[in-house]
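Engineer: Structure in structure tokens, see below.
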Amino acid sequence: MLQRLLGVATLAVGIDSAWADDRALDALLGDVDHGEFGQGFDQASRTVHMPKATIPMLSPGTAEATRRAVEVYDRIVVRGGWPEVSKVLELRRGTTHSSVAELRSRLAISGDLDPNASAVENDIYDSYLEEAVRRFQARHGLTIDGIVHEATFDAMNVPAATRRDQLKVNIERLKTLSGNLGPRYVVCNIPAARIEAIEHEVAVSRHTGVVGKPARPSPDIDSKIIEINFNPYWTVPASIVRKDLIPRMQDQPDYLTQNHIRILDAAHRELQPSQINWYSEDATNYTFKQDPGSQNSLGSIRINFPSAYGVYMHDTPLKNLFGDDFRFHSSGCVRVQNVRHLVAWLLAETKGWSAADIDRVVKSGEQKTARLAKPVPLHWVYVTAWSGADGVVQFREDIYGRDGLGAPAIPPTTKL
């Protein structure tokens, strides 16, 4: 068994002999106790590095790196794949449990755990295993806490053949997407719920996102960001009026008043909620407009671009959602964490819109629009598996079922 683990872990190393160093990992994890393996063990023998923060998901070499990863995963599949890890409530550093042996084997085969550490024959969750779990979580877009809980168990127990097939499916997508994207652009990878600002093939900033729920998916988009609205009104889309607002008003008649949403007729006259029959389609004939402020669904900023789908990117008052592993809650638009940082970058070439100017306008509550001096290309893409220039193979769940490989590992119905 050990020889098989050693052989497969060596395959994982072979994806790219020039993987980046892991000073970033050291900074993230801090000092650890190397115990019986000696002070140099972990530094000298890591097999998989943490994803490098400055490497864009899309680059000219992504498709080829992903093709090489398929060859590695082919060999893992031929050798029997990896074992399923028996689920418990959670595994963390210091835990003693029979599942720990399965966890060691699983992570050694995928290259996240050094094979020498996997040879330890005990059921204690030690510091080496914790670091391996952190690497696994980073590669799968999960919270990097070194604790094996439900989402991490689910991702680990996806068969090796399915992960290999995910890589194959995405090669064609990547060939289409990773051509000449220009010197400056924004990418939102929908399955990752992650936004990147790219400048000269470097990810200058990354932002956690919240994207469309499976029932209302975010679309693929190729467009250009043209303007930023500060302290915007929110006009409720007709689809949300029909699917969400009418049922909510049937249960909570004071919902509109509490959330500062006004009803306007065709002549822009304001109506009271009591004037609408909420048990009919009558409400779809009116405009619902939410005032700017702390409760506004768009937060303080909206990012606009031409689109046939009527979607946009925006701030949100529901900041807690950015901390979830499952971030598929919107009706198609994309919410952006630390959106002011992204907007400052977007407006860097637009006179009169420094970071200080942006902060001042947001704090004032004044409604203003900034048109970009140079529109910035924007791409919303659907990529569930790839290998970047850092050689790290990454996976995200096929939340919209577009890979054709079965149900996602994290069932959407359990989180919404």
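Taken together, the values in this text are just the output of simple stated rules run on the coordinates, not laboratory data. Just so it is clear, the model here is predicted, and its values are computed rather than measured. Please note: Cβ atoms are built from the backbone with ideal geometry, for glycine as well, and neighbour counts cover all protein chains shown.
Engineer: Please list, in chain and number order, the residues 5+ apart from Leu378 or on another chain whose amide H is under 5 Å from its amide H, with Hs placed from the backbone.
Structural biologist: Hits under the 5 Å cutoff: Val186, Ser223, Lys224, Ile225.
Engineer: Moving on. Relative to the compact globular guide of 2.2 N^0.38 Å, what is the alpha carbon radius of gyration of segment 235-290, as a ratio? Could you put the intermediate results ahead of the total?
Structural biologist: Numbers: Rg = 9.9 Å, N = 56, 2.2 N^0.38 = 10.2 Å.
In units of the 2.2 N^0.38 Å rule of thumb, it is 0.98.
Engineer: Quick one: 3J(HN,Hα) in Hz for segment 163-169, Karplus 6.51/-1.76/1.60 with θ = phi - 60°, rounded, Gly and Pro as x.
Structural biologist: 5, 4, 5, 4, 4, 4, 4
Engineer: Nearest 20 debye, what's the magnitude of the dipole of the chain about its Cα centre given +1 on Lys and Arg Cβ and -1 on Asp and Glu Cβ? Don't jump to the answer; show the numbers that get you there.
Structural biologist: On the way: 47 positive and 51 negative charges, 245 e Å.
So the magnitude is around 1180 debye.
Engineer: Can you tell me the order of 292-301, 124-133 when each peptide is scored by its average per-residue count of other Cβ atoms within 10 angstrom, highest first? Don't jump to the answer; show the numbers that get you there.
Structural biologist: On the way: 292-301: 19.0, 124-133: 22.1.
Ranking, from highest mean packing down: 124-133, 292-301.
Engineer: Give, as a single signed number, the net charge of other residues whose beta carbon lies under 9 Å from the beta carbon of Arg340, with Lys and Arg counted +1 and Asp and Glu -1.
Structural biologist: On the way: positive: none; negative: Asp315, Asp359.
With Lys, Arg at +1 and Asp, Glu at -1, the neighbours total -2.
Engineer: With n ≥ 4 as the cut-off for DSSP H runs, can you work out [θ] at 222 nm for the chain, using -39500 (n - 2.57) per run divided by the number of residues, rounded to the nearest 500?
Structural biologist: On the way: 13 runs with 122 residues, N = 416.
Calculated at 222 nm, the ellipticity per residue is -8500 deg cm²/dmol.
Engineer: Where Rh is the Kirkwood radius over the Cα pairs of the chain, the temperature 4 °C and the viscosity 1.567 mPa s, what D in µm²/s does Stokes-Einstein return?
Structural biologist: Numbers: Rh = 23.4 Å.
The estimated diffusion coefficient comes to 55 µm²/s.
Engineer: To continue, here is another question. Non-local amide H neighbours of Ala385 (under 5 Å, H modeled in plane, Pro and chain starts lacking H): which ones?
Structural biologist: Arg396
Engineer: How much net charge surrounds Pro375 when only other residues with a Cβ under 13 Å from its Cβ are counted (Lys, Arg +1; Asp, Glu -1)?
Structural biologist: Details: positive: Arg184, Lys224, Arg371, Lys374; negative: Asp222, Glu227, Glu349.
Taking every other residue near Pro375 into account, the sum is +1.
Engineer: With r as the distance between the Cβ atoms of Leu318 and Gln275 and R0 = 30 Å, compute the FRET efficiency 1/(1 + (r/R0)^6) and round to 0.05.
Structural biologist: On the way: r = 30 Å, r/R0 = 0.99.
Once the sixth-power term is evaluated, E becomes 0.50.
Engineer: Put +1 on the Cβ of each Lys and Arg and -1 on the Cβ of each Asp and Glu in the chain; which of Leu167, Ser274, Leu346 then has its Cα farthest toward the positive end of the dipole?
Structural biologist: The residue sitting farthest along the positive end of the dipole is Ser274.
Engineer: What is the distance in Å between the Cα centres of segment 202-234 and segment 249-281?
Structural biologist: After rounding, the separation between the Cα centres reads 28 Å.
Engineer: So what's the angle, to the nearest 10 degrees on a 0 to 90 scale, between helix 62-78 and the longest Cα principal axis of the chain?
Structural biologist: 50
Engineer: For segment 182-314, count the residues as N, evaluate 2.2 N^0.38 Å, and divide the Cα radius of gyration by that value, please.
Structural biologist: Relative to the 2.2 N^0.38 Å estimate, segment 182-314 comes out at 1.24.
Engineer: Give me a comma-separated list of calculated 3J(HN,Hα) values for segment 281-291, in order, Karplus coefficients 6.51, -1.76, 1.60 applied at θ = phi - 60°, integers in Hz, x for any Gly or Pro.
Structural biologist: So the J values, rounded to whole Hz, are 8, 3, 5, 5, 8, 10, 9, 10, 10, 9, 5.
Engineer: Next question. Can you tell me which of 92-104, 65-77, 254-266 comes out highest on packing, and rank the rest after it, using the mean Cβ neighbours within 10 Å? Spell out each step's value before the answer.
Structural biologist: On the way: 92-104: 17.0, 65-77: 19.6, 254-266: 14.3.
Peptide ranking by packing, descending: 65-77, 92-104, 254-266.
Engineer: Now for a different question. Using the Karplus equation 6.51 cos²θ - 1.76 cosθ + 1.60 (θ = phi - 60°), what ³J(HN,Hα) coupling, rounded to whole Hz, does each residue of segment 144-156 give in order, writing x for Gly and Pro?
Structural biologist: Result, rounded to whole Hz: 8, 10, x, 10, 8, 10, 3, 5, 5, 4, 4, 5, 5.
Engineer: Further question on the same structure: Give the average over all directions of the projected area of the C-alpha convex hull of segment 167-256, one decimal, in nm².
Structural biologist: Numbers: hull surface 35.1 nm².
Quarter of the Cα hull surface area: 8.8 nm².
Engineer: Next up: How high is the relative contact order of the chain, given as a whole-number percent (alpha carbon pairs under 8 Å, six or more residues apart)?
Structural biologist: Working: 776 pairs, mean separation 91.3, N = 416.
Normalised by residue count, the contact order of the chain is 22 percent.
Engineer: I would also like to ask the following. Find out how many positive minus negative residues lie around Arg67, taking Lys and Arg as positive, Asp and Glu as negative, among other residues whose Cβ is under 10 Å from that of Arg67. Intermediate values should be presented prior to the final figure.
Structural biologist: Numbers: positive: Arg68, Lys168, Lys175; negative: Glu64, Glu71.
Cβ neighbours under 10 Å give a net charge of +1.
Engineer: Do the alpha carbons of any pairs in Lys87/Lys175; Lys52/Lys319; Lys168/Lys213 sit beyond 31 Å of each other, and which pairs?
Structural biologist: Over 31 Å apart, Cα to Cα: Lys87/Lys175.
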